[in-house]
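Q: This is the structure, below, for whatever I ask next.
Values quoted throughout were computed directly from the atomic coordinates according to the rules given, and no laboratory measurement underlies them. As the structure is a computational prediction, the values presented were derived from the model and not from experiment. Virtual Cβ from ideal backbone geometry, glycine too; neighbours counted across all protein chains shown.
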Amino acid sequence: MFSRRSLELKSVSQLQSMQAAGRVLAEALDAVVDAAAPGINTRELDDVFRAVLERRGATSNFLGYHGFPAAICTSVNEEVVHGIPSDRVLRSGDVLKVDGGAIVDGWHSDSARTILLGSSEAGTADPEDERLSAITREAMWVGIAAFATARHVGEIGDAIDDFVTAQPGAELGILEEYVGHGIGSKMHMPPDVFNYRTGHRGPKVQPGMALAIEPMLVRGGIQTATLEDDWTVVTVDGTRASQWEHTVCRHDGGLWVLSAPDGGAAELARHGVEPVPPGN
């Protein structure tokens with residue numbers, strides 16, 4: 001299961017267990033998206049997420065991780081990642097990042113979404129926040145598409161960086177302190193998956209490799225700080241952030257997005273990638 005470089009390479013059956021975890025996770029995140037609204041507090045969203053995992057017989061890989069007290073991270077506005085669910089009430093115009101995970105049969109999945117509380121069309125959201133989330137989301141899919149044909153992990157970051165820097169309009173920052181990662185029998189494993197050009201190729205892509213690809217973009221500077229709770233990461237300049245993430249694998253038959261019910265087919269079609277489930 002492990003290569004000579006200590007990268008965990010999964011069998012087909014293990015990837016299928018990760019796929020099962022990803023299906024539960026997608027359902028739980030869908031439930032959170034449906035529940036998120038002005039007037040709801042973020043602890044209530046954590047309850048919604050936990051209820052789906054319990055109903056589906058999955059467990060959380062966030063709860064208790066290095067002492068983290070919840071099943072999801074809820075990061076609002078200038079909070080980038082690792083926000084702790086609380087009594088904080090969501091307001092119209094907020095930019096909410098929800099990051100969660102699930103374990104099935106000992107195998108992990110990890111995924112994140114940005115939720116906009118309102119819309120610019122209705123006058124309840126900043127169009128620049130909508131642009132931020134849309135570009136971050138597409139950057140994730142660009143990175144996933146690059147993984148489909150990549151020979152080395154570093155090509156994912158190259159593709160994301162090229163896409164983001166080519167966007168017209170106000171420049172967006174790509175966070176460098178927080179990156180994607182390997183995933184499988186643990187939530188965080190080698191290799192690091194950078195979202196920007198590093199000048200290094202990174203490890204060779206091999207069948208059985210599973211990665212969490214998660215670009216995080218900000219509307220301002222990329223400097224961050226951690227609050228006194230020792231978890232919540234915020235932008236130093238107070239500008240808003242977006243995060244999108246999926247768990248993705250390469251196998252002998254191709255690529256599959258393990259945390260998307262359709263394997264990423266709908267989104268990857270425009271990139272010329274046809275995902276194939278493990279075992280096919």
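Q: Which of the lysines could a cross-linker span from Lys10 if the Cα-Cα distance has to be under 22 Å and same-chain partners fewer than 8 positions apart are dropped?
A: Cα-Cα hits under 22 Å: Lys186, Lys204.
Q: In the chain, which helices (entire DSSP H runs) extend 27 Å or more along their own long axis, judged by Cα positions, while averaging at least -1.0 on the Kyte-Doolittle scale? List each step's numbers first, then the result.
A: Working: long enough: 12-35 (34 Å, 0.56); 127-149 (34 Å, 0.11).
Helices meeting the span and hydropathy rule in the chain are 12-35, 127-149.
Q: Rounded to two decimals, what is Rg over Rh for the range 1-93 when you use alpha-carbon atoms and the Kirkwood radius?
A: Here the Rg-to-Rh quotient is 1.07.
Q: Arranged by the count of other C-beta atoms within 10 angstrom, fewest first, what order do Lys97, Lys10, Lys186 take? Kindly include the intermediate steps, with their values, before the conclusion.
A: Details: Lys97 28, Lys10 23, Lys186 14.
In increasing order of surrounding Cβ atoms, one gets Lys186, Lys10, Lys97.
Q: So, with +1 on the Cβ of K and R and -1 on the Cβ of D and E, and no other charges, what is the size of the charge dipole of the range 12-271 about its Cα centre, to the nearest 20 debye?
A: 740
Q: Between Asp47 and Lys204, what FRET efficiency comes out of the Förster formula 1/(1 + (r/R0)^6) with R0 = 35 Å and r the beta carbon distance, rounded to 0.05?
A: It comes to 0.25.
Q: While we're looking at this one, here's another question. Assuming 0.890 mPa s and 25 °C, estimate D for the chain with Stokes-Einstein, Rh taken as the Kirkwood radius over Cα pairs, in µm²/s.
A: Estimated via Stokes-Einstein, D reaches 132 µm²/s.
Q: Using the Cα centre of the range 1-118 as origin and beta-carbon charges of +1 (Lys, Arg) and -1 (Asp, Glu), tell me which of Ala51, Leu7, Val76 is placed farthest towards the positive end of the dipole.
A: Going by the Cα projections, it comes out as Leu7.
Q: Below 8 Å between Cα atoms, with a sequence gap of 6+, how large is the relative contact order for the chain in percent? Provide the component values of the computation, followed by the final result.
A: Working: 683 pairs, mean separation 58.6, N = 280.
After rounding, I find 21 percent.
Q: So if I restrict to the alpha-carbon atoms in the range 136-218, what is the Rg, and what is Dmax, the biggest pairwise distance, in Å?
A: 12.2, 41
Q: Under 12 Å from a point 7 Å along the Cα-to-Cβ line of Asp229: which residues of the range 38-63 have their amide N that close?
A: Label zone hits: 42-44, 46.
Q: How far apart, in nm, are two points set 7 Å out from the Cα along the Cα-to-Cβ line at Ala31 and at Ser86?
A: 2.5
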